[in-house]
Amino acid sequence: NNRLQTTVGQGGPNFVQNAILGPLADKRKSTIDRIAIAIGRRAEKPQGLDSLATCSVGGQAGSGAGNSGAAPAQGNGGKGNAGQNGNQGNNGNQGNTGNAGVGQISCPDVASKLPAIPAQAQAEVTRNLELLNTQIAEA
């Protein structure tokens, strides 16, 4: 969101996608992979989280981004729906209108898509969820 606001009027028609959303998706994918690995060390590794890496631009600044930053409450080990994320993240050509106005970067919520997090992995997962929020703020 910071970079989106400070670069208004810069670049060509694909500036937002190429300079902000593309690199953000790469960073988010790496962070989401680290979350899955941390969970996978102690329980079944969640699958299908890669679709949560892609963000889009929309709305007004200050309207709130997708990640809550809070880890989900631990359940009784239920892993039922891990990886069933439908079409999340398929944003097509979002942001390909140049950088004409300031909006808000919106990303899919990762915390709500995670299975129960083993206690041994909780600190690392929480740290990486906070990193996802930092990445959005910087973008």
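Read-outs: derived from the displayed coordinates by stated rules, not from any lab. Small disclaimer: the values here were computed from a predicted structure and weren't measured. Backbone-built Cβ (ideal geometry, glycine too); neighbour counts: all protein chains shown.
What does the highest-first list of 24-37, 1-14 look like by mean Cβ count within 10 Å?
Listed from highest to lowest mean packing, they are 24-37, 1-14.
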Separation between Cα centres of the stretch 1-23 and the stretch 108-130, rounded to whole Å
29 Å
Explain nothing, just compute: Karplus ³J(HN,Hα) = 6.51 cos²θ - 1.76 cosθ + 1.60, θ = phi - 60°, for every residue of the stretch 105-111 in order, whole Hz, x for Gly and Pro.
6, 10, 10, x, 6, 8, 4
